[in-house]
Amino acid sequence: MTDQTAFGKRLCACRRSASLSQQELAERSGLSVKAISNLERGRARWPHPGSVYRLADALGLHDQALAQFIAAAGRRLAPAADAPAAAAAEDRLPGAAAGPVVPRQLPIPVPQFVGRQAELTALTGMLDPAGPSAHPAVVISAIGGTAGVGKTALAVRWAHQVAGAFPDGQLYVNLRGYDPGPPVPAEDALAGFLRALGGPGQDVPAGLDERAALYRSLLAGRRVLVILDNARDVEQVRPLLPGGPGCLAVVTSRDALVGLIVRDGAERLDLDLLPQADAVTLLRSLIGSRADADPKTAAALAARCARLPLALRIAAELAVARPAVPLAELVRELAGQQQRLDLFEAAGDGRTAIRAVFSWSYQNLSPPTARMFRLVGLHPGPDLTACAAASLTRTDPAQARRLLAELARAHLLTEQVPGRFGCHDLLRAYAIEHATTTGSRVGRRAAQGRLLDYYLHTAAIADRLLYPLRRRIDLVRPRSGVIPEDLSSHDQALAWLDAERSGLLAAIRLAADHGFDVHAWQLPFCLETFFHRRSHWEDWAATQQAALAAACRLGDSYAQTLAHSGIANAQLQTGRPAEALRHLATALRLREQAGDLYGQARVHLYTGWALEYQERYDDALAHSRRGLRLAQTAGMPAQPLLAEALNQVGWDLAQVGRYRRALTYCRRAVTLSHRLGNKHTQPAVLDSLAYVYQHLGQHAEAADCYRRAVELLDELGHRYQKADTLAHAGDAHHADGDLPAARQAWTQALAILDDLHHPDAGPLRAKLHPPASVPGYRADT
């Protein structure tokens, strides 16, 4: 019996002794039903220390029972005297032997940074000579809520200056608190930080509290600088604050964030307009000799720009672009623009000056560039690529790149990372104003439609690269001028989806809010594989809810079925099988009404999977058998589904102890998957077959199945799954008495996990070098 099986049996016995269902234990422990089910069946990898202690606490274990429970996990766990602290200590050491990941996320500082010496000195003064201060955060706040005053530029400039004081890395996130769209949720920011600190996507916890706890654990004992840019409010920021000394968070916001100061002990640094002398110096550094030759006019221009760095940079760029026009003439033009705006705006509005600079700069753009600027305002996400801009404006990508570059030179856009352009939220609001007052509503809707076509068809390309044999849907035809991204590999697809996640979610909201209902259900469908691969369970559920609403508005029963199934699958991942079963019952009824045998087969398989979560293995087997019969009836198009159905029936038979019968189905699944060339299904069916072989005592055959699965996973580039299967192969070799082969498989798995800085590296290392107290394991040769 492997240690995994021993722990699973003890967990199951303790749970039943406490008269708890898996669902009830999940609610008490904070783990998912799926995680508990996999542990009990020996399907999960070695239990994580934090999971062991949470389960023990939820089960009410003490003294000898607690010691036996921990020992069954086969882990080098800390004594139970301070279980939560011990769990946190191990949680913060993923792949400890390989060393922690050192993130370097700071943006490039703005050029020609001028002034702010007092503020820079004050920030540095908050650092203790021996390391960061005891203050958990510094809030850089704009006086009076003024935008464009240079909060981000100051924070980033200072962060680069003191990066050496934070040798364990620097984290950065733009929280987009004042963008037209919704701010970045704290849980999304935490997910990005956790991955930057070394946690791969599948190990990011689902809930905000769990993510915050893991984040603080990973930062404990380290010296990391965290830049939280453009925060909306205290609630958005508080979960992102480091939990102990050694780290420092710098928050920029238009809000004073008084709650952070009163409750959390943050320091506050108010940022005012640039002093007149510094504003003139910035103009002189940007414009050059013309400003040097006419300092009085340069001072007037600085005053017209209200000494705001954003306005100064835009005005300077326009002056550089018109070298033949005297500086005095430019000042007169700007003064006239301000006078026109004053007729429409309340006197004393602090935004009048900066809007005047925007208007002045906008009016001097070429017509194609001005059109690009307006339509960029219609883009709902934080940034966009040249292909997205080309689709939006119905131009070719080369021209779109030139126009975007021209807007970036004018400081109306920023190339935040190579190839991706975004803009200050004030500029976006200004662009939206012009987009809604220039041209026709029909033209704006056509532009939105092209943008949605771009997202839909690029997402479909990416989905096919991630899951080539997934059943396709008939996509809405793209409008003329739409240019999807040129993605040609699995890695390119995943990178585009990662970069565009916020934009894709915003596009779904845009589609749902503006009557593009076909896009509103098809785009979520194309993102399901990505959400599953990256563990974005809440995104998956929310977008499928939007898809269901759109499908109902359309009266499209097939789209409704897909949405109900998508919601169910997302709910299963978050441990809500009862809710999932309700959606699946509706999906099955819709497919039966439509006479769709393939669709019915798929829903029956999903239902069997959901019932496994509730330990209703006989009921699960009944649905899997029904799905198999329907897949057999559906004919050749359902052959890939047939392989999945054979595998699921075999797996369910194994769960009820009918291993000989399970062997027949799993073998048939392997044969059919091989004949179809379905390399994405073969590793899973080989894994099921290996599981059955192990329970039949045929350890050599199990090891061979694992070996073949490893080869396929290596070919597909699934590194984590490869390590997981290698670990199982090592277990099979060990059970068969082939210690050298076991050691080789575990060593290969450990190398991958160490490279990924994955928490499973620790327990696997313990297999290779077990303590004397662990019976039965002798990995040395």
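The values are calculated or read from the model by the stated rules, or taken from the named source; none is laboratory data. Remember, it's a predicted structure, so these values are computed and weren't measured experimentally. Note: ideal-geometry Cβ built from the backbone for every residue, glycine included; neighbour counts use all protein chains shown. Side chains are part of the model used for accessible areas, which takes the heavy atoms of the whole protein and leaves out ligands, DNA and RNA. Shrake-Rupley method; radii C 1.70, N 1.55, O 1.52, S 1.80 Å.
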Exercise. Could you figure out which of (1) surrounded by 17 or more Cβ atoms within 10 Å (Cβ to Cβ); (2) more than 25 Å from Ala153 (Cα to Cα) isn't true of Arg445?
Key: (1)
Quiz item: Got a sec? Which of Val685, Val692 is surrounded by 23 or more Cβ atoms within 10 Å (Cβ to Cβ), over 26 Å from Arg470 (Cβ atoms), at pLDDT 85 or above and among the β-branched types (Val, Ile, Thr)?
Solution: Val692
Quiz item: How many residues are in contact (Cβ under 8 Å) with a residue 12 or more places away in the chain and open to solvent by 10 Å² or more (accessible area, probe 1.4 Å) when one looks only at the stretch 640-662?
Solution: 10
Quiz item: So Glu715 clears everything in (1) at pLDDT 90 or above; (2) under 32 Å from the mean Cα position of the chain (by Cα) except one condition, right? Which one?
Solution: (1)
Exercise. Scan the stretch 485-544 residue by residue and report those that are farther than 30 Å from Arg441 by Cβ and among the hydrophobic types (A, V, I, L, M, F, W, C).
Key: Leu487, Ala493, Leu494, Ala495, Trp496, Leu497, Ala499, Phe530, Phe531, Trp537, Trp540, Ala541
Practice problem: Count, please, the residues in the stretch 221-248 that happen to be closer than 21 Å to Asp272 by Cα and either open to solvent by less than 10 Å² (accessible area, probe 1.4 Å) or of a type in the set (A, V, I, L, M) (or both). | Solution: 4
Quiz item: Of all residues in the stretch 635-658, which are in contact with a Gly (Cβ under 7 Å, 6 or more places away or on another chain) and charged (D, E, K, R)?
Solution: Asp652
Quiz item: Mind checking which residues of the stretch 530-552 are surrounded by 20 or more Cβ atoms within 10 Å (Cβ to Cβ) and farther than 24 Å from Ala26 by Cα?
Solution: Phe530, Thr543, Gln544, Ala546, Ala547, Leu548, Ala550, Ala551
Quiz prompt | Hits in the stretch 426-442 (condition: among the hydrophobic types (A, V, I, L, M, F, W, C) and open to solvent by 20 Å² or more (accessible area, probe 1.4 Å)) | solution = Leu426, Ala429, Ile432, Val442
Quiz prompt | Scope the stretch 17-70; condition touching an Asp or Glu at 6+ places or on another chain (Cβ under 7 Å), at pLDDT below 75 and of a type outside the set (D, E, K, R); matching residues | solution = Gly30, Trp46, Pro49, Gly50
Quiz item: What number goes with the only condition from (1) within 24 Å of Pro640 (Cα to Cα); (2) of a type outside the set (Ser, Thr, Tyr); (3) under 25 Å from the mean Cα position of the chain (by Cα) that Leu590 does not pass?
Solution: (3)
Self-check item: Qualifying positions in the stretch 434-447 - under 31 Å from the mean Cα position of the chain (by Cα) and without any contact (Cβ under 8 Å) to a residue 60 or more places away in the chain
Solution: Ala446
Practice problem: For Ala761, indicate whether it is crowded, with 18+ Cβ neighbours inside 10 Å and at pLDDT 80 or above. | Solution: no
Quiz item: Which residue pairs have Cβ atoms under 9 Å apart, sit 6 or more places apart or on different chains, and have a first residue in the stretch 177-200 that is farther than 24 Å from Arg104 by Cβ and aromatic (Phe, Trp, Tyr) and a second that is at pLDDT 80 or above and open to solvent by 10 Å² or more (accessible area, probe 1.4 Å)?
Solution: Tyr178/Asn230; Tyr178/Arg232
Practice problem: Check the stretch 497-508 and report whether any residue there is open to solvent by 10 Å² or more (accessible area, probe 1.4 Å), on the phi < 0 side of the Ramachandran plot, touching a residue at least 12 places away in the same chain (Cβ under 8 Å) and in contact with a helix residue (DSSP H, G or I) (Cβ under 6 Å, 6 or more places away or on another chain). | Solution: no
Self-check item: Search result, residues across the stretch 730-753 that are surrounded by fewer than 23 Cβ atoms within 10 Å (Cβ to Cβ), of a type in the set (Gly, Ala, Ser) and closer than 16 Å to Tyr691 by Cα
Solution: Ala735
Quiz item: Which is closer than 26 Å to Lys722 by Cα and at pLDDT 90 or above, of Leu621, Leu676, Leu628, Leu653?
Solution: Leu653
Practice problem: Filter the stretch 411-425 down to residues that are surrounded by fewer than 21 Cβ atoms within 10 Å (Cβ to Cβ) and at positive phi, then give me how many there are. | Solution: 1
Practice problem: Tell me which residues, restricted to the stretch 370-410, are of a type in the set (Ser, Thr, Tyr) and open to solvent by 20 Å² or more (accessible area, probe 1.4 Å). | Solution: Thr395
Quiz item: What are the residue pairs meeting all of these: first residue in the stretch 685-702, first residue closer than 24 Å to Leu642 by Cα, second residue of a type in the set (Ser, Thr, Tyr) and at pLDDT below 90, Cβ atoms under 6 Å, and 6 or more apart or on different chains?
Solution: Val685/Ser673; Ala690/Tyr706
Quiz prompt | Test result for Pro478, free of Cβ contacts under 8 Å to residues at least 12 places away in the same chain and not aliphatic (A, V, I, L, M) | solution = no
Exercise. Give, as residue ranges, the helices (runs of 4 or more DSSP H) completely inside the stretch 274-335 that count at least 2 residues that are open to solvent by 10 Å² or more (accessible area, probe 1.4 Å), more than 24 Å from Glu119 (Cα to Cα) and at pLDDT 80 or above.
Key: 295-304, 309-321
Quiz item: Is it the case that some residue within the stretch 532-540 is basic (Lys, Arg) and within 20 Å of Asn569 (Cα to Cα)?
Solution: yes
